[in-house]
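One structure is given here, and the rest of the page talks about it.
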Amino acid sequence: MSAELLVLLIVVLTALAFDFTNGFHDTANAMATSIATGALPPRTAVLLSGALNLVGAFLSVAVAATVAEGIVDLSEVSGRALLDIVFAGLVGGILWNLFTWLLGLPSSSSHALFGGLIGATIAALGWDGVIWCAGNKGVLAKIIIPALAAPVVAALVAALGSWAVYRITRGSNEKSVNRGFRWGQIGSASLVSLAHGTNDAQKTMGIIFLALIAHGSAKASDPLPLWVIVSCAVAIAAGTCLGGWRIIRTLGKGLVDIAPPQGFAAESTSAAIILTSAHFGLPLSTTQTVTGSILGSGLGRPGAEVRWGVLGRMVVAWVLTLPLAGVVGALCWGILDAIGGTAGVLVVFALLIVVAGAIWMRSKQTAVNSHNVNDDWQGETAAPVRKDDHVGNGIG
């Protein structure tokens, strides 16, 4: 096996690892509200979400075709240099995903990926390597503006939907209403899962295809290889099936106390916005969209409590995602450049494994799993759960 092929294989494996973390990091986007209201048992919910993520990944490739286009300018690099940039960016995205998962913060996997790529590009090519603002292209148009608009629009629509639901059903038997909306939640949560697979799996498809072009195994005019679509679909579905219980807990129990009508309104809003963005090839953050919808469902329900401190922590994570993932991506590229050759890639890959393992071990000290994910929320942050309180096999 040649050194170039070995590097390509490491980049592809790292991309699939990012896809896997995207899956369990974002399971909450689809299923947090359904789990919180009891519409679906926790384990059933994540398995259903995983299956629908798998199906959704095959529905469209529009986002895959535009994932890095108009954000970084890599036209002047090719071959090994391009592979190094892509690899460093992926490591930045993975480590930020794992760190925010450890804290139970629903940050954007999309922005973690873009941040890592932007940081690695700046380190390799300078600030001119990033398209900051150029009409409908650039970081401003494709990342910043959608990041500001998506949660606001989602919150407004979900607030209106929740208000309308409670207005229409006032005076009705509460148990009957909740029972009906729990069934509705199963459908709306399934639609969000389908939308998530359609939107998020394609980002990794685009990154792998970019790596194939850099290696010379594919041309930009070639169709997306079937094995890329299948492997990315399986990776994100597998991650989703494990469940990101720490983030599910934050979204389902921490932000607002969710009743079935709210959950239905939030999920329906999220699905509509995410599917629309996928149709137009916009790599929208599903996390920010869903968080905005859940917030809106709380605002639209009379007398509901919104925990603004929890929302504040989420917003801080959103703001820091792009720059801090970028710093990690830049540092990884710096290590690659300093060591040079295949050895540099192997060192960074080994560091990724070590840091990921350390985060995993740290998470075991305050385990969150399918058994305690719906425990009562205490204060602005969830009370730590001792390892011996509950035993579960899912990712915390």
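Contact map, segment 23-52: residues that are outside any helix (DSSP H, G or I) paired with residues that are aliphatic (A, V, I, L, M) and open to solvent by 20 Å² or more (accessible area, probe 1.4 Å), Cβ distance under 6 Å, separation 6+ or inter-chain. Pairs shown: Ala39/Ile186.
In segment 239-267, what residues are in contact with a Leu (Cβ under 8 Å, 6 or more places away or on another chain) and among the charged types (D, E, K, R)? Arg246, Glu267, listed by residue number. At least 2 residues being small (Gly, Ala, Ser) and either touching a Cys at 6+ places or on another chain (Cβ under 9 Å) or free of Cβ contacts under 8 Å to residues at least 24 places away in the same chain (or both) is the threshold, and among the helices (runs of 4 or more DSSP H) wholly inside segment 259-356 those reaching it are 308-339. In segment 140-148 there is no residue matching the filter, namely being on the phi > 0 side of the Ramachandran plot, over 19 Å from the mean Cα position of the chain (by Cα), modelled with pLDDT under 90 and not acidic (Asp, Glu). Within segment 207-254, being touching a Pro at 6+ places or on another chain (Cβ under 8 Å) and either open to solvent by 10 Å² or more (accessible area, probe 1.4 Å) or among the acidic types (Asp, Glu) (or both) holds for Phe209, Leu212, Ala218.
The values are calculated or read from the model by the stated rules, or taken from the named source; none is laboratory data. Just so it is clear, the structure is predicted and the values come from calculations on it, not from any experiment. Ideal geometry is used to build each Cβ from the backbone, glycine not excepted, and the neighbour counts take in all protein chains shown. Side chains included, ligands, DNA and RNA excluded: accessible areas come from the protein's heavy atoms. Shrake-Rupley method; radii C 1.70, N 1.55, O 1.52, S 1.80 Å.
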